[in-house]
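Trainee: This is the structure I have questions about; it appears just below.
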Amino acid sequence: MTRGAMTEFQEKLREQHEESMHRELEALLVTADKAGAEVEKQKDFDGFKKLFHRFLQVKGPSVDWAKINRPPEDSIQPYEKIRAKGLPDNITACLNKLAVVKLNGGLGTSMGCKGPKSLISVRNENTFLDLTVQQIEHLNKTFNADVPLVLMNSFNTDEDTKKILQKYKHHRVNIHTFNQSRYPRINKESLLPIAKNMGVNGDNSEAWYPPATVDLFILHHLMSQPADRRCEFIMEVTDKTRADVKGGTLIQYEDHLRLLEIAQVPKAHVDEFKSVTKFKIFNTNNLWISLPAIKRLQENNNMDLEIIVNPKTLDGGLNVIQLETAVGAAIKSFKNAMGINVPRSRFLPVKTSSDLLLVMSNLYSLEAGSLTMSKKREFPTTPHVKLGSSFTKVQDFLTRFENIPDMLELDHLTVSGDVTFGKNVSLKGTVIIIANHGDRIDIPAGAMLENKIVSGNLRILDH
């Protein structure tokens, strides 16, 4: 077959895939509630058709590894340099030009919870959402400002979230919601949607990030730039550790600052991508974006986001692909975009019960909705915590701790098997607790474990 004939064949195949996809989407629309069908068609399916069309057009990897360079030094500023500029007398004027958008699409199913992940209790019966509202209310009261909170819900979380929002009616914060796009997963072989009705959706399993405080120094930096050099996009990054090797990183690519995600990396270079020496920073998912710039790019159809093809295997063994775009990838489309290397304390994801243990412990102090590393901890680093499968579900996790141990001097904790903790346990240094199959280990009330290993029915041993 000649090259021309091959190209024509591929084009016909693409057209067939698109026609089949359009038919399936129309069939899905029939299953939607009548009132919402037209809205779904406009907002979601039209968007997905464009994404699917681009997916079929893409040839080969989205990045040429040979063209990847480290970002220029001045494109990623240290936070200390931004902070050194100080604050203006009237920071309220800056705050009144700010809106805080929070992703609220994830369910707590991976941690054994029903409903939105943001409704998991984290401290003194306060949920993650409570902390977010408290923090912004504190900001508004302190500076007599009017910073709104905008929640990006999903189909899975919208109804439950709206019910909960009633309790914040008398708080000094205006809360708005909107729904993220709902795109179907597609069969890897047939390239057709696996959903048979509009109610079938996968769990959006993003981590919930306890609210990083609105940093007034970064806000002032954004607002104080000359009009002709106004920074339109800031990505907060922080130094990578071994726990963050899969996190997206900033690179210089074809004269633009660009976000590189692990899903875009050719298999031959994955280890290189994970290297802490070559790619030293990663995206914390705290982004500052100019709204007028977003409006300009949208109106001109210039928001070019690379498609991330995320392969997944469902419980029944079916191989599917999820077409995604990362908001951080938009950085290349904005003028004078930059990264700011912030302290690690501004990045605190909670995706597992191990993460939850950290934020519930005395490692962090809670004030006006903000969690900060306790001043009583001598080292600012976060301990490495790895809890076994017996702790995966939040309800199981809570029943295994009579109260959360003192972890101020902890460096590393590994717990595996059937283990419970009594009241007022103290953990220091490196602590490893392993209950063998069929065994149970109860750490007694008041126990102090410092650089200890507890295994099976053995007594506590020194390292």
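The values are calculated or read from the model by the stated rules, or taken from the named source; none is laboratory data. Nothing here was measured: the structure is a model prediction, and the numbers come from that model. Reconstructed Cβ throughout: ideal geometry from the backbone, glycine too, with neighbour counts over all protein chains shown. Just so you know, the surface numbers come from the protein's heavy atoms only, side chains and all, with ligands and any DNA or RNA stripped out. Shrake-Rupley method; radii C 1.70, N 1.55, O 1.52, S 1.80 Å.
Trainee: Can you run down the residue pairs with Cβ atoms below 7 Å, 6 or more apart or on separate chains, where the first is in the range 153-179 and within 22 Å of N140 (Cα to Cα) and of a type outside the set (S, T, Y) and the partner is at pLDDT 90 or above and open to solvent by 100 Å² or more (accessible area, probe 1.4 Å)?
Mentor: R172/K141
Trainee: Cβ-Cβ under 6 Å, sequence separation 6+ or interchain: first residue in the range 424-452 and at negative phi, partner open to solvent by less than 70 Å² (accessible area, probe 1.4 Å) and among the aromatic types (F, W, Y). Which pairs?
Mentor: I443/F421
Trainee: Which one is modelled with the lowest pLDDT among residues in the range 93-129 that are of a type in the set (G, A, S) and crowded, with 18+ Cβ neighbours inside 10 Å?
Mentor: Ranking the candidates gives G108 first.
Trainee: So, one more: Would you call A268 outside any strand (DSSP E or B), open to solvent by 60 Å² or more (accessible area, probe 1.4 Å) and closer than 29 Å to P383 by Cα?
Mentor: Answer is no for this residue.
Trainee: Only one residue in I331, I321 is touching a Pro at 6+ places or on another chain (Cβ under 8 Å) and within 26 Å of F52 (Cβ to Cβ), so which one is that?
Mentor: Result of the check over I331, I321: I321.
Trainee: Take the residues in the range 293-319 that are of a type in the set (V, I, T) and under 21 Å from Q180 (Cα atoms), then tell me which one is modelled with the highest pLDDT.
Mentor: Of everything passing the filter in the range 293-319, I294 is modelled with the highest pLDDT.
Trainee: While we're here: Could you list all residues from the range 149-181 that are under 10 Å from V133 (Cα atoms) and assigned to a loop (DSSP other than H, G, I, E, B)?
Mentor: Scanning the range 149-181 gives H171, R172, V173, N174.
Trainee: Has the range 121-130 got any residue that is in a helix (DSSP H, G or I) and basic (K, R)?
Mentor: No, the range 121-130 contains no residue that is in a helix (DSSP H, G or I) and basic (K, R).
Trainee: Using the structure shown, decide if D89 is closer than 27 Å to L216 by Cα, outside any helix (DSSP H, G or I) and open to solvent by 30 Å² or more (accessible area, probe 1.4 Å).
Mentor: Yes.
Trainee: Pull up the range 271-314, narrow it to residues that are of a type in the set (S, T, N, Q), in contact with a strand residue (DSSP E or B) (Cβ under 8 Å, 6 or more places away or on another chain) and farther than 25 Å from L98 by Cα, then point me to the one that is surrounded by the fewest Cβ atoms within 10 Å (Cβ to Cβ).
Mentor: Checked the range 271-314; the qualifying residue surrounded by the fewest Cβ atoms within 10 Å (Cβ to Cβ) is T313.
Trainee: State the number of residues belonging to the range 396-426 that are outside any strand (DSSP E or B) and not aliphatic (A, V, I, L, M).
Mentor: Within the range 396-426, residues that are outside any strand (DSSP E or B) and not aliphatic (A, V, I, L, M) number 11.
Trainee: Further, regarding this structure: Could you check S365 against (1) open to solvent by 60 Å² or more (accessible area, probe 1.4 Å); (2) touching a Leu at 6+ places or on another chain (Cβ under 8 Å) and say which number it fails?
Mentor: Among (1) open to solvent by 60 Å² or more (accessible area, probe 1.4 Å); (2) touching a Leu at 6+ places or on another chain (Cβ under 8 Å), the lone unmet condition for S365 is (1).
Trainee: Taking the condition open to solvent by 30 Å² or more (accessible area, probe 1.4 Å) and either closer than 23 Å to L151 by Cα or modelled with pLDDT of 90 or more (or both), does A5 pass?
Mentor: no
Trainee: If you scan the range 305-343, which residues turn out to be hydrophobic (A, V, I, L, M, F, W, C), more than 18 Å from the chain's Cα centre (by Cα) and within 20 Å of K267 (Cα to Cα)?
Mentor: Correct list: V320, I321.
Trainee: I've got another one for you. Test each condition in (1) assigned to a helix (DSSP H, G or I); (2) free of Cβ contacts under 8 Å to residues at least 60 places away in the same chain; (3) open to solvent by less than 40 Å² (accessible area, probe 1.4 Å); (4) among the β-branched types (V, I, T) for T142 and report the one that comes out false.
Mentor: Only one criterion in (1) assigned to a helix (DSSP H, G or I); (2) free of Cβ contacts under 8 Å to residues at least 60 places away in the same chain; (3) open to solvent by less than 40 Å² (accessible area, probe 1.4 Å); (4) among the β-branched types (V, I, T) is unmet by T142, namely (3).
Trainee: Quick check: anything in the range 384-391 out of contact with any helix residue (DSSP H, G or I) (no Cβ under 9 Å at 6 or more places or on another chain) and among the aromatic types (F, W, Y)?
Mentor: Scanning the range 384-391 turns up no residue that is out of contact with any helix residue (DSSP H, G or I) (no Cβ under 9 Å at 6 or more places or on another chain) and among the aromatic types (F, W, Y).
Trainee: Could you please find all residues in the range 216-264 being assigned to a strand (DSSP E or B) and surrounded by fewer than 16 Cβ atoms within 10 Å (Cβ to Cβ)?
Mentor: Listed by number, the residues that qualify are D239, Q252, H256.
Trainee: Would a scan of the range 83-90 turn up a residue that is free of Cβ contacts under 8 Å to residues at least 60 places away in the same chain and under 24 Å from the mean Cα position of the chain (by Cα)?
Mentor: Looking for residues that are free of Cβ contacts under 8 Å to residues at least 60 places away in the same chain and under 24 Å from the mean Cα position of the chain (by Cα), one finds none in the range 83-90, hence no.
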